[in-house]
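Worksheet for the structure shown next.
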Amino acid sequence: MKSTTRILAAAVLTGMAAAVGAAAPAVAADTVPVPVPLDGVEKSLNVSLPKVGGELPLLTPGVPEGPRYVEGQMIPASALPQVPMGAALPGVSAETPLPQVIGKGFDEASASLPAADLRTLTPGLSVDTPLTASNPDVFGLPTLKEPQAAVLTPLLQTAPTGVLGLGSL
């Protein structure tokens, strides 16, 4: 291999590594913050508006279980495996100014619903053929049986939380 080819290959690999390294921090986050810009409306109308923001989740697919072989069946137990998906429920936060109706020191009401972890499994399918394994009573040929099919139900687990509060600005 010529030295110019080696230098070119090293430059391409270095550029690819730099691109992957630069993209890595963006993927490391679980949620993406989404602010709602209301500053222009506040300044143009000369009023205090609520501060609103949110969080959008990023889906992270997991690794499905491998095939599980069951004695007496020709096809593995989960023909279409369930795929785990990790994500979060979207989060919302809002703060609004209050007039001095409640009393001194309470100038703001806030509500915060942070993004909650969400665990899911996609639906799956388990089937079995209408043939049995080889039967020695019939010269090693398979015999007929009733076909079996089952739909594996999806799973959805989460525990959302929220915080309401009164405070001063």
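The values are calculated or read from the model by the stated rules, or taken from the named source; none is laboratory data. Keep in mind that this is a model prediction, so the values were computed, not measured. Methodologically, a virtual Cβ is constructed for each residue, glycine included, from the backbone with ideal geometry; neighbour enumeration extends over all protein chains shown. Each accessible area value is taken on the protein alone, full model and side chains, heavy atoms only, with ligands, DNA and RNA left out. Shrake-Rupley method; radii C 1.70, N 1.55, O 1.52, S 1.80 Å.
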Selection from region 114-145 of residues that are of a type in the set (Asp, Glu) and assigned to a strand (DSSP E or B) | Asp117, Asp128
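Kindly evaluate Gly165 against the criterion of being in contact (Cβ under 8 Å) with a residue 24 or more places away in the chain and in contact with a Pro (Cβ under 6 Å, 6 or more places away or on another chain).
On the way: in contact (Cβ under 8 Å) with a residue 24 or more places away in the chain: yes; in contact with a Pro (Cβ under 6 Å, 6 or more places away or on another chain): no.
In short, no.
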Output for region 128-143, where each listed residue is within 15 Å of Ala77 (Cα to Cα) and of a type in the set (Ser, Thr, Tyr) | Thr129, Thr132
Residues located in region 123-162, provided they are in contact (Cβ under 8 Å) with a residue 24 or more places away in the chain and aliphatic (A, V, I, L, M) | Leu125, Val127, Leu131, Ala133, Ala149, Ala150, Val151, Leu152, Leu155, Leu156, Ala159
Conditions (1) open to solvent by 60 Å² or more (accessible area, probe 1.4 Å); (2) closer than 20 Å to Val36 by Cβ; (3) touching a strand residue (DSSP E or B) at 6+ places or on another chain (Cβ under 7 Å): number failed by Gly53 = (1)
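Say whether the condition of being β-branched (Val, Ile, Thr) and under 30 Å from Leu38 (Cα atoms) is met by at least one residue in region 108-126. Before the answer, list the steps.
Going through region 108-126, the residues β-branched (Val, Ile, Thr) turn out to be 120, 122.
Filter again for under 30 Å from Leu38 (Cα atoms), leaving none.
Checking region 108-126: not a single residue is β-branched (Val, Ile, Thr) and under 30 Å from Leu38 (Cα atoms).
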Taking the residues in region 113-136 that are under 24 Å from the mean Cα position of the chain (by Cα) and among the hydroxyl-bearing types (Ser, Thr, Tyr) as candidates, determine which candidate is most open to solvent (accessible area, probe 1.4 Å).
-> Thr122
Phe139 vs (1) open to solvent by less than 50 Å² (accessible area, probe 1.4 Å); (2) on the phi > 0 side of the Ramachandran plot; (3) not small (Gly, Ala, Ser): all pass except (1)
Given (1) in a strand (DSSP E or B); (2) surrounded by 12 or more Cβ atoms within 10 Å (Cβ to Cβ); (3) modelled with pLDDT of 80 or more, where does Gln82 come up short, assuming only one miss?
-> (1)
Hits in region 147-169 (condition: open to solvent by 70 Å² or more (accessible area, probe 1.4 Å) and assigned to a loop (DSSP other than H, G, I, E, B)) | Pro147, Thr153, Pro154, Ala159, Pro160, Thr161, Ser168, Leu169
Residue count, region 141-157 (criterion: within 14 Å of Val83 (Cβ to Cβ) and either in contact with a Gly (Cβ under 8 Å, 6 or more places away or on another chain) or charged (D, E, K, R) (or both)) | 1
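Does Val70 satisfy being more than 22 Å from the chain's Cα centre (by Cα), among the β-branched types (Val, Ile, Thr), modelled with pLDDT of 85 or more and open to solvent by 50 Å² or more (accessible area, probe 1.4 Å)? I'd like the intermediate steps shown before the answer.
On the way: more than 22 Å from the chain's Cα centre (by Cα): yes; among the β-branched types (Val, Ile, Thr): yes; modelled with pLDDT of 85 or more: no; open to solvent by 50 Å² or more (accessible area, probe 1.4 Å): yes.
So Val70 does not fit the description; no.
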